[in-house]
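The structure under discussion appears below in the form of structure tokens.
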Amino acid sequence: MEELVCSACGKRLGLGELAWRCECGGVLDLAFTGRLDAASLAGRAGSLWRYREALPVRRGDYIVTLGEGMTPLIQIAWDGARPLLKLEHQNPTGSFKDRGAAVLITVAKGLGVRAVVEDSSGNAGSAIAAYAAAAGMTCRILVPAYASEVKLIQVRAYGAAVQRIEGSREEVAAAAQAACAAAGAAYYASHYWNPLFFEGTKTFAFEVWEQLGRRVPEAVVVPTGHGTLLLGAHKGFGELRAQGLVNRLPRLIAVQSAACAPLYEVVQRGLPELPPLPPPDTFAEGIAIRTPIRWRQMVRAIAESGGEVARVPDAAVQAALLKAARLGILMEPTAATALAGYSQLLETGRLARDTEVVIPITGSGLKAPDKIASLLSSRPANIPR
Ligand SMILES: *Cc1c(COP(=O)(O)O)cnc(C)c1O
Ligand SMILES: [Zn+2]
């Protein structure tokens, strides 16, 4: 049985204890290193389960799947460069969060879990709700009282109960954690506390490696709030390196919204701790996270890979969204921060035009018809027709 290990004090707990945090308050990681079976990949299904030996599932476990993973990698023309886009919005619920949810829910089912709770008014809530439905579990998603009803339609359709909580995102998280505290209560299927989620998102790296002909790109540009994709990518590329399948990591470049960029303050400005920030108001709401609990891990991942953090204003994100749409790729606002960040990095010379870069398109534009509609009707001056 795999163990959970506290990143702060080193305490170990059985995975079956269903803990989501150490007694000391520390974030838990999974003590598990699988081995990607590179020799057996040919002929396997085009889903992330082709890497099952590298995932914390046991032989005979029931795999909860909706066909997630193996998303296309395509090349586009952008600002005089030719970046590769990984179309994560083509996952079953419309975002990369399906990677984390599929693995988390599969392992939870194997542990006998029958009810899960998550706090997210966005893509993580939809993904957990969908995979809980596929697994026959009950699911409750806690959201801020102000969350827009449009974003909850998907969660409700999957049959999850939605509970609105007064207060900030942090207070919503506290309510979810309280709901999971009692013995025999629901399991906390948190996309940022639960390390099983990152076991799923690491398959992003395996796929990029495979799709590039078993090598890694020079850089990956990732929209970042809690860091579920950034840290998953770091873990996946790190495992490939540990297995000797590649000899380096790509540079991991995190992109944040200028309206909420705590990681930028720590990495680029050298602050020793996360700064206190006002409640964010940004077009890229999906990554507006003021207190990402795994920030120390993100700082290490970025430093180890020789990466950096960029921050982009809403106007640049809006322009990138419409520009990509004119190339036939419709993404949600949060996803467009990556392309806006890429443009900025090219413009300021921090990335060369001939550097091989992979950019995930993290979420579908079909998730945000209201925001895209208002963009179309306002048509800011810097957006071409
Ligand atoms: C979750 C999400 C991200 C990344 O967010 P993290 O908080 O860093 O995990 C980026 N884009 C979209 C569309 C997302 O749903
Ligand atoms: Zn601890």
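The values are calculated or read from the model by the stated rules, or taken from the named source; none is laboratory data. Predicted model only: the values in this text are computed from it and were never measured. Here the Cβ is made from the backbone with ideal geometry for all residues, glycine too, and neighbour counts use every protein chain on show. The protein model used for the area step is the full one, side chains on, heavy atoms only, and it has no ligands, DNA or RNA in it. Shrake-Rupley method; radii C 1.70, N 1.55, O 1.52, S 1.80 Å.
Structural remarks
- GNM top mover of Glu347, Glu68, Glu207 - the chain, alpha-carbon springs below 10 Å: Glu347
- The convex hull defined by the C-alpha atoms of the stretch 148-214 has an orientation-averaged projected area of 6.9 nm².
- Those aspartates and glutamates that a straight Cα-Cα span of less than 15 Å connects to Lys11, excepting residues fewer than 8 apart in one chain: Glu2, Glu3, Glu23, Asp29
- Relative contact order of the stretch 1-76: 23 percent, from C-alpha pairs under 8 Å at least 6 residues apart in sequence.
- Accessible surface of the stretch 283-363, 1.4 Å probe, proportion on carbon and sulfur as whole %: 51 percent
- A Förster radius of 35 Å, combined with the Cβ-Cβ distance separating Ala31 from Arg353, puts the computed FRET efficiency at roughly 0.25.
- Summed over qualifying helices (DSSP H, 4 residues or more, each -39500 (n - 2.57)) and divided by its residue number, the chain shows a 222 nm mean residue ellipticity of -10500 deg cm²/dmol.
- Cross-link partners of Lys235 among lysines, defined as those whose alpha carbon lies under 17 angstrom from its own and excluding same-chain residues fewer than eight positions apart: Lys97, Lys202.
- Mean accessible surface per residue for the stretch 289-385, computed with a 1.4 Å probe while every protein chain stays in place, in Å²: 41 Å²
- Residue of Ala157, Ala115, Ala135 that the Gaussian network model of the chain assigns the largest fluctuation, springs spanning Cα pairs under 10 Å: Ala157
- Lys/Arg +1, Asp/Glu -1 at C-beta; the chain dipole; positive extreme among Thr65, Ile293, Phe197: Thr65
- Sequence-distant contacts, meaning Cα pairs under 8 Å at least 6 residues apart, place the relative contact order of the stretch 268-385 at 24 percent.
- Each eigenvalue of the Cα gyration tensor of the stretch 227-273, multiplied by 5 and square-rooted, gives one semi-axis; in descending order these are 27, 11, 8 Å.
- Under 19 Å from Lys323, Cα to Cα: aspartates and glutamates that are on another chain or at least 8 residues apart: Asp79, Glu88, Asp314, Glu332, Glu347, Asp370
- Ordered from longest to shortest, the equivalent ellipsoid semi-axes for the stretch 98-233 are 27, 17, 13 Å, each the square root of 5 times a Cα gyration tensor eigenvalue.
- For Cys139, residues with placed amide H under 5 Å, excluding near neighbours: Val116, Ala161
- Low-density loop cleavage sites - GluC sites (Glu not before Pro) in the stretch 154-202, where at most 13 other Cβ are within 10 Å (DSSP): Glu166
- DSSP bridge analysis restricted to the chain gives an antiparallel fraction near 35%, rounded to the nearest 5.
- Taking the charge dipole of the chain about its Cα centre, with +1 at Lys and Arg Cβ atoms and -1 at Asp and Glu Cβ atoms, the residue from Ile359, Ser257, Ala338 reaching farthest to the positive side is Ile359.
- Size of charge dipole - the chain - debye, nearest 20, with Cβ of Lys, Arg +1 and Asp, Glu -1, no other charges: 560 debye
- Among the trypsin sites (Lys or Arg not before Pro) in the stretch 29-96, those placed in a DSSP loop whose Cβ has at most 16 other Cβ atoms within 10 Å are Arg35, Arg44, Arg58, Arg59.
- Relative contact order for the chain: 15 percent, from Cα pairs under 8 Å spaced at least 6 residues apart, divided by residue count.
- Of the residues Ala303, Ala185, Val266, the one whose Cα sits farthest toward the positive end of the charge dipole of the chain, with +1 on the Cβ of Lys and Arg and -1 on the Cβ of Asp and Glu, is Ala303.
- For the stretch 282-288, Karplus couplings with θ = phi - 60° (6.51, -1.76, 1.60), whole Hz, Gly/Pro x: 8, 4, 8, 5, x, 10, 7
- Unit Cα scatterers, Debye sum, the stretch 69-162: log10 I(q)/I(0) for q = 0.19, 0.23 Å⁻¹: -0.83, -1.07
- Stokes-Einstein D for the chain, Kirkwood Rh over Cα pairs, 20 °C, 1.002 mPa s (µm²/s): 103 µm²/s
- Going by accessible surface with a 1.4 Å probe and the largest first, Lys109, Lys367 read Lys109, Lys367.
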